[in-house]
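Engineer: Take this structure first; my questions come after.
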Amino acid sequence: MNILITGGCGFIGSNFVRFLAHVRPAWKIVNYDKLTYAGNLENLADLAPGARYSFVRGDVCNRELVEHVLRAHEISAVVHLAAESHVDRSILDPHVFLSTNVLGTQVLLEAALRAQVSKFVQVSTDEVYGSLGETGAFTETSPLCPSSPYSASKAGADLLALSFYRTYGLPVSVTRCSNNYGRFQFPEKLIPLMIIQALGDQPLPVYGDGGNVRDWLHVEDHCEALLAVLERGRAGEIYNVGGEAERRNIDLVKQILAILGKPERLIKFVEDRPGHDRRYAIHAGKIGAELGWSPRRRLEEGLRETAGFYVDNPGWWRRVMSGEYRSYYESQVRGRLMGAGGSPT
Ligand code: NAD
Ligand code: TDX
């Protein structure tokens, strides 16, 4: 199998590339990534480029390059992870979300069709379903009701991908997972942001009343789910992937503080995110019944291990925070903490 992974220098992508190189050593992996602010070659510093692994810097919107890479590497399957992935950024500037997430997906789908790949996995999110009340969980047939420009762009990309199955017979499977956590997550996201703030004895900005609920999926469980869908998922089907670990944000943040031995007085409630979805929960019965997948890692253990990664690798996140992210951090994180963040620039 010659597999193209897009977005392989990001959080989930780099974990997936490393996982695949380990569990399918005979496969040839091509990592195609633009290296935006979220893409980092350092995430895969332990993987030497060679016959089995190569990296191509490129934009998923670059039709010529995408087609060339699929041809030159005789790609037989695609796992499409490249995206603009942060909800708050999509509220500030939706344009690049539409361009990368929707138009970039269209470019890849067309190229994959031409290359006659045997599988195209569209990696999506539970956010396309919108928000839940106090009870219930999303199933694959829940209506799409995205709240943010990010989730709307992902919903658009999913529908486009599924249309390529119905119209052209491209063997597409869509995965929709809950919030991932683990090593190499970019510090703009809740868990790493809270860990890094706490390590520096800085305030932890919790949006609104902290009562929003997310389901947390360990990134390595997610990688196992993606492989199952890649190898055995049915074409034209959607698979929800959940972590069986629903938590209120405030409880999760308190847990992080307890792991790090830091006081709860660091918590600061700040202005809420506009359109903030109240609760996500995933019903992952379909992937369990069809593909035998279920999450294996417990949140308490996973959080401890994730906190350990940030404690042990200050060089990694300090370098990440010294780049483009610094100005975002100053205006959005510190701005919110001072009661000034969150408005469009
Ligand atoms: P990330 O932001 O950490 O990484 C995204 C990667 O895509 C980066 O390496 C970036 O350089 C690359 N990229 C961005 N625009 C590109 C472009 N135009 N061309 C080529 N490469 C480009 O994201 P992540 O958290 O690893 O998420 C990966 C995928 O999983 C995304 O599709 C996201 O929507 C989805 N997802 C993420 C989560 C989560 O909790 N992180 C949950 C559900 C779904
Ligand atoms: O500073 C913060 N304070 C806070 O209270 C941040 C950054 C977040 N939050 C809240 C908002 C959410 O309720 O924490 C929760 C998680 O926030 P994010 O880490 O921004 O994730 P979320 O918006 O839930 O989206 C994530 O999961 C689904 C990913 O970023 C998406 O790519 C994925 O599709």
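The values are calculated or read from the model by the stated rules, or taken from the named source; none is laboratory data. Note that this is a predicted model, so its numbers are computed, not measured. Using ideal geometry, Cβ is built from the backbone for each residue, glycine included, and neighbour counts are taken over all protein chains shown. Calculation scope for accessible area: heavy atoms of the full protein, side chains included, ligands and nucleic acids excluded. Shrake-Rupley method; radii C 1.70, N 1.55, O 1.52, S 1.80 Å.
Engineer: Nothing charged except the Cβ atoms of Lys and Arg (+1) and of Asp and Glu (-1): what's the magnitude of the dipole of the range 91-219 about its Cα centre? Round to the nearest 20 debye. Mind showing how you got there, number by number?
Structural biologist: Numbers: 8 positive and 11 negative charges, 108 e Å.
Using Cβ point charges on Lys, Arg, Asp and Glu, the range 91-219 gives about 520 debye.
Engineer: Shifting gears a bit: Would you pull out the residues with amide H under 5 Å of ARG278's amide H, same chain only if 5 or more places away, H placed 1.01 Å from N?
Structural biologist: LEU132
Engineer: Please list, by residue number, every one of the GluC sites (Glu not before Pro) in the range 35-110 that is coil in DSSP and has at most 13 other beta-carbon atoms within 10 Å. Write down the numbers at each step before the final one.
Structural biologist: Working: sites: GLU42, GLU64, GLU67, GLU74, GLU84, GLU110; in loops: GLU74, GLU84.
Sites meeting the loop and neighbour criteria: GLU74.
Engineer: Mind checking the full-extension length gain between ALA258 and GLU42? Use 0.36 nm per residue of separation minus the Cα-Cα distance, one decimal, nm.
Structural biologist: 74.8 nm
Engineer: Which shape class applies to the range 226-345: rounded if a/c is under 1.5, otherwise prolate when a/b exceeds b/c and oblate if not, where a ≥ b ≥ c are the square roots of the Cα gyration tensor eigenvalues?
Structural biologist: Judged from the Cα gyration tensor, the range 226-345 comes out prolate (a/c at least 1.5, a/b above b/c).
Engineer: I've got another one for you. Just need the relative contact order of the chain here, percent rounded to a whole number, with Cα pairs under 8 Å and 6+ apart.
Structural biologist: Rounded, it is 18 percent for the chain.
Engineer: Looking at the range 11-58, which chymotrypsin sites (Phe, Trp or Tyr not before Pro) are DSSP coil and have at most 16 other C-beta atoms within 10 Å of their C-beta?
Structural biologist: Sparse-neighbourhood loop chymotrypsin sites (Phe, Trp or Tyr not before Pro): TRP27, TYR37.
Engineer: Let me ask something additional. How far is it, in nm, from the label point at GLU64 to the one at ARG52 when both lie 7 Å from their Cα along the line to the Cβ?
Structural biologist: For GLU64 paired with ARG52, the spin-label model returns 3.5 nm.
Engineer: Give me the tail of P(r) for the range 101-183 as a percent: Cα-Cα pairs with distance above 22 Å.
Structural biologist: Summing the P(r) of the range 101-183 above 22 Å gives 30 percent of all pairs.
Engineer: List the trypsin sites (Lys or Arg not before Pro) within the range 20-74 that DSSP assigns to loop and that have no more than 12 neighbouring Cβ atoms inside 10 Å.
Structural biologist: Those that pass, being in a loop and sparsely packed, number zero.
Engineer: Quick query: amide H of ARG176 versus all other amide H atoms, modeled in the peptide plane; which residues come in under 5 Å with a sequence gap of 5 or more or a different chain?
Structural biologist: SER124, TYR239, ASN240, VAL241
Engineer: Rolling a 1.4 angstrom probe over the protein heavy atoms, how many square angstrom per residue are accessible across the range 51-164?
Structural biologist: Values: 4570 Å² over 114 residues.
Dividing the accessible area of the range 51-164 by its residue count gives 40 Å².
Engineer: I'd like the carbon and sulfur percentage of the solvent accessible area for the chain, probe radius 1.4 Å, heavy atoms only, ligands and nucleic acids excluded.
Structural biologist: For the chain, the apolar C and S fraction of the accessible surface comes to 52 percent.
Engineer: Pairs LYS189/LYS268; LYS28/LYS154; LYS28/LYS119: which exceed 19 Å Cα-Cα? Please list the in-between numbers first.
Structural biologist: Details: LYS189/LYS268 16 Å; LYS28/LYS154 28 Å; LYS28/LYS119 15 Å.
LYS28/LYS154, as the Cα separations exceed 19 Å there.
Engineer: Would you kindly calculate the mean projected area, averaged across all directions, of the convex hull enclosing the Cα atoms of the chain, in square nanometres? Don't jump to the answer; show the numbers that get you there.
Structural biologist: Values: hull surface 63.1 nm².
The number I arrive at for the chain is 15.8 nm².
Engineer: From zero outward in steps of 10 Å, how is the percent of C-alpha pairs of the range 50-94 spread across the bins?
Structural biologist: So the P(r) values, bin by bin, are 19, 45, 23, 12, 0.
Engineer: Can you give the FRET efficiency to the nearest 0.05 for ASP209 and ALA235, using r as the Cβ-Cβ distance and R₀ = 25 Å?
Structural biologist: Computed FRET efficiency for ASP209 and ALA235 comes out at 0.05.
Engineer: If you average the alpha carbon positions of the range 71-148 and of the range 1-44, how far apart do those two centres end up, in angstrom?
Structural biologist: If we compute the Cα centre of each part, the gap is 17 Å.
Engineer: Placing unit charges on C-beta atoms (Lys and Arg positive, Asp and Glu negative, everything else neutral), compute the dipole magnitude of the chain about its Cα centre in debye, rounded to 20.
Structural biologist: Computed charge dipole of the chain: roughly 360 debye.
Engineer: Accessible area per residue of the range 223-311 at 1.4 Å probe, in Å²? Before the final figure, lay out each step's value.
Structural biologist: Values: 4100 Å² over 89 residues.
Heavy-atom SASA per residue in the range 223-311 reads 46 Å².
Engineer: Tell me, in nm to one decimal, what length is gained between ARG319 and GLU301 on full extension, where the rule is 0.36 nm per residue of separation less the Cα-Cα distance?
Structural biologist: Result: 3.8 nm gained on full extension.
Engineer: Pulled fully out, how much extra length does the chain show between MET1 and HIS276, if you take 0.36 nm times their separation in residues and subtract their Cα-Cα distance?
Structural biologist: Additional length available on full extension: 94.9 nm.
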